[in-house]
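See structure below.
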Amino acid sequence: MRADKDADFLNKNQLRHYFEQGCKPCSEWGIGSEYENFIIDLDSKKPLSYSGPKSISKVFDLLINKFDWVPVLEKSNIVGLEKGKANISLEPGGQFELSGAIKRTVHEVEQEMTSFIQNMKVVCEELGLGLFSMGAAPYWKRDEMPIMPKNRYKKIMMPYMKAVGTQGLDMMLRTCTIQVNLDYSSEADMAKKLRVAACIQPLVTALFASSPIFEGNNTSYNSWRAQIWKNTDNDRAGIPKFIFDDDLSFDSWIEYALDVPMYFVKRDGEYVNLSGASFRNFIKGQLEIVPNQRATYSDWIDHLTTIFTDVRLKNFIEMRGADGGPSQNVTALAALWVGLLYDNDSLDNVFKLAKSLNWQSVNQLNVDVCKMGMNATINKKTLWALGEEVLDIAESGLRNRALALGVKDESFFLMPLLDQIAKKTMLSSQLANKFDSKWKKNFPSFYDDFNFYHGLRK
């Protein structure tokens, strides 16, 4: 088993280098969006297996042949697609995730998403499939979910998840999320944005909650997806306490990451199971399972992707705590975070708010929102009130961006969130009410009323 040539030279400077290379002047800041969808057979009302006449592989084939997507292979299996700087990846339960190219504005994010939707509509209509996104699979049980042929999922992550939590397999197979990735200019800018993101994330979970239904039941939770994460793997999930330290730095995240148990390394194109091993010891060449091997720079980058915190630091900042939802939620999430973090005045204002909150209260809020949604409170303030304040800041930030960049105002994309606040009505509550009054076991009615293309029909 061969290691990369830089194995003997992984040191603290290299560990920092990955994060330092993410520092960009604000003129180069971009917006990365990622969103997952369940794909279902509209005849059987079941998720798709990997192979067969109605299958994931057939979807891949049509996207390749009709729209010039390029296959990504693991051995002989297509496990993803690429086109330009965008890619489609295959999640463990067959969820499709579009990871978009880096865009300058939310308008460009919308344009890319529209192209993706058009591609998927053609393919889904030809095969009799449906595309929808919500935080958790509403009807199917765990043993009804297909498992995709990706070795790190089947042979490494799934067995380990069973050992460290009760719902890790549910997270992998039966959840969908929306994610936004944003840049920082310096270590200090990173620290400021990471603190803000951690404090605001529970509010975002509540605003985007869409998973009250699970296994054909009304759970009485607003985000069952977020609740699943509380029982997945607490060594690598949640909101780390050190983010609230005044001396937060790249080194803070490095020290945290070094203590997150490992999953795997990749050698000669194969995944080697190192579940639970110490990356600190791996750097020193002290792992018995891979004798005479030391961690490489690429191992470090891979290891950082196995951290699943609600807000994650890479050489950009990932906001990972929102339920999957309709297409309008993709742009709403991007607009919210861009409005808060990409305008100096807005960032200063929301940072003042963040500084008034401590880890204990934010962490408790992160638990409370799973059940209570926007009715949860922090420092005796409901999230309805906090949400109004935060959205005002975001709206101002987006309008300032429009003036500074000379681009079309992006604040329009906040409308789904502003509407929730104005009416004090959560999407999750609307979905639960529809389920109780109409949907129940009637999956066709559910899909007609709620899918990725149009959201919830009134």
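Only the coordinates and a few stated rules stand behind these numbers; no lab work does. Since the model is a prediction, treat every value here as computed from it, not as a measurement. Using ideal geometry, Cβ is built from the backbone for each residue, glycine included, and neighbour counts are taken over all protein chains shown.
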Checklist entry - What percent antiparallel are the DSSP beta bridges of the chain, to the nearest 5? => result 90
Checklist entry - What is the Cα convex hull volume of segment 334-382 when expressed per residue in Å³? => result 89
Checklist entry - What fraction of the Cα pairs in segment 291-402, stated in percent, has a spacing above 26 angstrom? => result 31
Next on the checklist: If I model a spin label as a point 7 Å beyond the Cα along the Cα-Cβ vector, how far apart are those points for LYS75 and GLN21 in nm?
Outcome noted: 3.1
Checklist entry - Among the trypsin sites (Lys or Arg not before Pro) within segment 173-223, which fall in a DSSP loop and have no more than 10 other Cβ atoms within 10 Å of their own Cβ? => result none
Next on the checklist: Give the separation of the Cα centroids, segment 86-137 to segment 17-71, in Å.
Outcome noted: 6
Item to check | Neighbour cut-off at most 16 other Cβ (10 Å), DSSP loop, trypsin sites (Lys or Arg not before Pro), segment 236-330 | outcome: LYS284, LYS314
Checklist entry - So how do LEU10, LEU427 line up by other beta-carbon neighbours within 10 Å, fewest first? => result LEU10, LEU427
Checklist entry - Which shape class, rounded, prolate or oblate, goes with the chain when its Cα gyration tensor gives a ≥ b ≥ c as root eigenvalues, a/c under 1.5 marks rounded, and past that a/b bigger than b/c marks prolate? => result rounded
Next on the checklist: Below 8 Å between Cα atoms, with a sequence gap of 6+, how large is the relative contact order for segment 7-456 in percent?
Outcome noted: 21
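Let me make sure I get this right: for segment 395-458, a, b and c are the square roots of the gyration tensor eigenvalues over alpha carbons, sorted descending. Under 1.5 in a/c it's rounded, otherwise prolate if a/b > b/c, else oblate. Which is it?
prolate
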Checklist outcome for this item: The Cα extents of segment 328-458 along the principal axes, largest first and rounded to whole Å, are 49, 40, 20
Checklist entry - What's the Kirkwood radius of segment 110-155 in Å, using all Cα pairs? => result 13.4
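Need the full-extension length gain, THR166 to GLU270, defined as separation in residues times 0.36 nm minus the C-alpha distance. One decimal, nm.
Going from the current span to full extension adds 34.6 nm.
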Item to check | segment 393-417 residues near the modelled LEU353 label - backbone nitrogen below 19 Å, point 7 Å along Cα→Cβ | outcome: 393-402, 410-417
Next on the checklist: Can you give me the distance in nm between label points at ASN375 and LYS424, each placed 7 Å from the Cα along the Cα-to-Cβ direction?
Outcome noted: 1.1
